[in-house]
C-alpha cells in the first residue's frame, strides 16, 4: 500500500489526477515563491524602498534559478519551513551587492501562503471547467433519455415512477450552485498574503499599502483588507467547498452504482471494471470512486476546521496541519471531477420507455 494514493503507481490512475497533482508539486510551489520574490522586488523598487538596480539584479539572478531541493528539505527539518534555506540559495544566486535587498520586509508565511493561493487559482480554473463538462454530459443524457421512466426510491424502497429528467435535475442543479458559490468565494480566497514578521509590515512604514497593491497586481491576486496570517476562514471555506463538490459527485456515483445493480438495471455503462474471479461482472468502478472520494474529503474537512485555531500572530502547528490536509482535498476533488466526467460520458442508456 502506498503512502498516498493520489500519485502512487498502482492507485494514482484510479484515485489521482495528474493535472491537479501538478499544482502541488515541489517545483510548482518553489516556482511560485520565486515569482513572489521577483514581484516583491519590483514593487518595492517602484516605491523607492530598494534600488531599481537591485530589483533588476534580483530578476536576472533568479531567471532560470534551480533550487537545491534536497538541501531545502534538510533545512526544513530544522527550521520547520522551506523559506529560510530557499532565501539563502536565492541570495547566493543573486550575489552581492544586491542580494541583501531580496525578501525585504517580508516573511516566510508571505511566500508560502501566496504560493498556495496562486496555485489554488489555477486549480479553480481546472475544477470549474470539469464541473461544466459534467453538466454538459448531464444535459446530453437528459436530451437522450430524459423522457424515459425509472422507479423513484425513498429509503431504498420503491416509491413512485419518475422520469429520468427528474433524477438528472437532482444531479445537475448542485453542480451549477457550486460554480456560483466558488465565484462568490474567490474575492476572499484569491488574496495576496503580505504581512511581514508579525503581520504589521513594520519595515515598509507608509509604503506598505502601495507595495501590497503593486505586488498583488503583478501576481494577479486580490489585495486583502488586512493580512490573514491567522485568519484561515477563507481557506476553510474553500475546503468546505471542495467537500461539497465531492459530496454532490459522490451522490451521483452512489445513485449510478445502485441503478447498475443486477435486477435493477436502470442504467447502462461502458468502460466498467472486471473481476479476476468472475469474468461475467461489470463493476461500476468510476461510480464507486466518487463515493470514496466524497467520504475522504468529508473526513479531512474536520481537520481543516481544527487548523483554524492559530495562536497569537502565527501558528506552526495549525499551519502545518493545513499543509498536510488541503493538498489532498484538492487532488481528491480533481480526481472526482475527472472521474465524474468519464463516468457520465460512458452512460449509454438510462431508464425505460414505459413501466
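Every number here is computed from the coordinates shown, using simple stated rules; none is lab data. Because the structure is predicted, anything quoted here is derived from the model rather than measured.
So what is the 222 nm mean residue ellipticity for the chain from helices alone, if each DSSP H run of at least 4 adds -39500 (n - 2.57) and you divide by all residues, rounding to the nearest 500 deg cm²/dmol? The per-residue figure over the chain is -21000 deg cm²/dmol.
The C-alpha atoms of the chain define a longest principal axis, and helix 317-345 lies at about 40 degrees to it.
Taking the Cα centroid of the range 15-33 and of the range 79-133, what is the distance between the two, rounded to the nearest whole Å? Comparing the Cα centres of the range 15-33 and the range 79-133, I get a distance of 13 Å. Computed from the C-alpha gyration tensor, the three semi-axes of the ellipsoid equivalent to the chain are 47, 20, 17 Å, from longest to shortest. Any chance you could give the angle, 0 to 90 degrees and rounded to 10, that helix 164-189 forms with the longest Cα principal axis of the chain? Roughly 10 degrees between the two axes.
If you wrap the tightest convex hull around every Cα atom of the range 48-93 and split its volume per residue, you get 69 Å³. Based on the Stokes-Einstein relation at 20 °C and a viscosity of 1.002 mPa s, and on the Kirkwood radius from alpha carbon pairs, the range 119-257 is assigned a translational diffusion coefficient of 118 µm²/s. Pairwise alpha-carbon distances in the range 222-270 exceed 18 Å for 56% of all pairs. What do you get for the angle between helix 285-306 and the principal long axis of the chain? Use alpha-carbon atoms, 0 to 90 degrees, nearest ten. Between helix and principal axis, roughly 40 degrees.
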